1. Do we have residue 121 as closer than 26 Å to residue 167 by Cβ, at pLDDT 95 or above, crowded, with 22+ Cβ neighbours inside 10 Å and more than 16 Å from the chain's Cα centre (by Cα) here?
2. I'd like the residue in the range 24-42 that is in contact (Cβ under 8 Å) with a residue 12 or more places away in the chain and out of contact with any strand residue (DSSP E or B) (no Cβ under 6 Å at 6 or more places or on another chain) and, out of all such residues, is farthest from residue 198 (Cα to Cα).
3. Looking at 205, 201, which one is more than 20 Å from the chain's Cα centre (by Cα), without any contact (Cβ under 8 Å) to a residue 40 or more places away in the chain and surrounded by fewer than 20 Cβ atoms within 10 Å (Cβ to Cβ)?
4. Identify, from the list 134, 115, the residue that is surrounded by fewer than 24 Cβ atoms within 10 Å (Cβ to Cβ), within 22 Å of residue 229 (Cβ to Cβ) and out of contact with any helix residue (DSSP H, G or I) (no Cβ under 6 Å at 6 or more places or on another chain).
5. Restricting to the range 214-241, count the residues that are outside any helix (DSSP H, G or I) and within 19 Å of residue 25 (Cα to Cα).
6. Condition (residue is under 20 Å from residue 22 (Cα atoms) and touching a strand residue (DSSP E or B) at 6+ places or on another chain (Cβ under 8 Å)) applied to the range 194-203: is it met by at least one residue?
7. Just for helices (runs of 4 or more DSSP H) wholly inside the range 65-165: which have at least 2 residues that are touching a strand residue (DSSP E or B) at 6+ places or on another chain (Cβ under 9 Å) and free of Cβ contacts under 8 Å to residues at least 60 places away in the same chain?
8. Which of the residues that make up the range 185-203 are modelled with pLDDT of 85 or more and out of contact with any helix residue (DSSP H, G or I) (no Cβ under 8 Å at 6 or more places or on another chain)?
């Protein structure tokens, strides 16, 4: 006997916001989330790029400078509304690189990098959490530079900002646990994104960086996205306040 409509249980798609979604790790994360059945809001300061990704996956695009506190609040609110008023997941790949040598680095440059990478991540996590219910999950994006203090492509400002993301992730996990929201981080090693395109034009530099990994290569953005999407999924239900290092064995002692 066939069940009638009253016996059918509607499956509500999970929803996600991804910052920095126009390219690199963010783009790969948006695409993989869509494959996994999520409805995705793609956020990036590159509005045209965000729109291209969103159109390809049937998502929603929003332009945003993550250092603008008021704009972050308004954009997250609009994104959640576009997703139907529900938010299950947030990934924060948005960030910038900086390669100025230590003794040449000025305070203004340091503050700009910190503002995007650390403060921007904080603002997005804080605002997204306002719309999340128990069971929601957040994944920030740090870097092995935040663990090893740079020494690859990004130098002092970048390493310090990504170290701050690691500490922020642990603090957010503590703060949001009582609301049932889990917060974890990924710390990628060298990854073939537009951010590394400049430094990796120097073939000798690229060989040196990649030689530090056991796999002797950089990651593809999709390999980092796999880790992010797993941490955002119910499969990672007992993981909270952790950093998953995805670096091809670079930090193996």
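1. On the way: closer than 26 Å to residue 167 by Cβ: yes; at pLDDT 95 or above: yes; crowded, with 22+ Cβ neighbours inside 10 Å: yes; more than 16 Å from the chain's Cα centre (by Cα): no.
It is false that residue 121 is closer than 26 Å to residue 167 by Cβ, at pLDDT 95 or above, crowded, with 22+ Cβ neighbours inside 10 Å and more than 16 Å from the chain's Cα centre (by Cα).
2. At the first step, the residues of the range 24-42 found to be in contact (Cβ under 8 Å) with a residue 12 or more places away in the chain are 24-34, 36-42.
Of the ones still in play, those that are also out of contact with any strand residue (DSSP E or B) (no Cβ under 6 Å at 6 or more places or on another chain) are 24-25, 27-28, 31-32, 36-37.
Working: 24: 14, 25: 16, 27: 19, 28: 20, 31: 25, 32: 26, 36: 32, 37: 34 Å.
That would be 37.
3. 201
4. Details: 115 fails: within 22 Å of residue 229 (Cβ to Cβ).
Exactly one of 134, 115 is surrounded by fewer than 24 Cβ atoms within 10 Å (Cβ to Cβ), within 22 Å of residue 229 (Cβ to Cβ) and out of contact with any helix residue (DSSP H, G or I) (no Cβ under 6 Å at 6 or more places or on another chain), namely 134.
5. Our first condition is that a residue be outside any helix (DSSP H, G or I); within the range 214-241, this holds for 214-220, 233, 237-241.
This time we only want the ones that are within 19 Å of residue 25 (Cα to Cα), so: 217-220, 233.
Within the range 214-241, residues that are outside any helix (DSSP H, G or I) and within 19 Å of residue 25 (Cα to Cα) number 5.
6. Initially, the range 194-203 is screened for residues under 20 Å from residue 22 (Cα atoms), giving 194-198.
Now narrow it down to the ones that are touching a strand residue (DSSP E or B) at 6+ places or on another chain (Cβ under 8 Å): none.
No; the residues of the range 194-203 include none that is under 20 Å from residue 22 (Cα atoms) and touching a strand residue (DSSP E or B) at 6+ places or on another chain (Cβ under 8 Å).
7. Details: elements: 69-82, 107-114, 120-129, 145-148.
By residue number, 69-82, 120-129, 145-148.
8. 189 - this is the single residue of the range 185-203 that is modelled with pLDDT of 85 or more and out of contact with any helix residue (DSSP H, G or I) (no Cβ under 8 Å at 6 or more places or on another chain).
The values are calculated or read from the model by the stated rules, or taken from the named source; none is laboratory data. Since the model is a prediction, treat every value here as computed from it, not as a measurement. All Cβ positions, glycine included, derive from the backbone under ideal geometry; neighbour counts span all protein chains shown.
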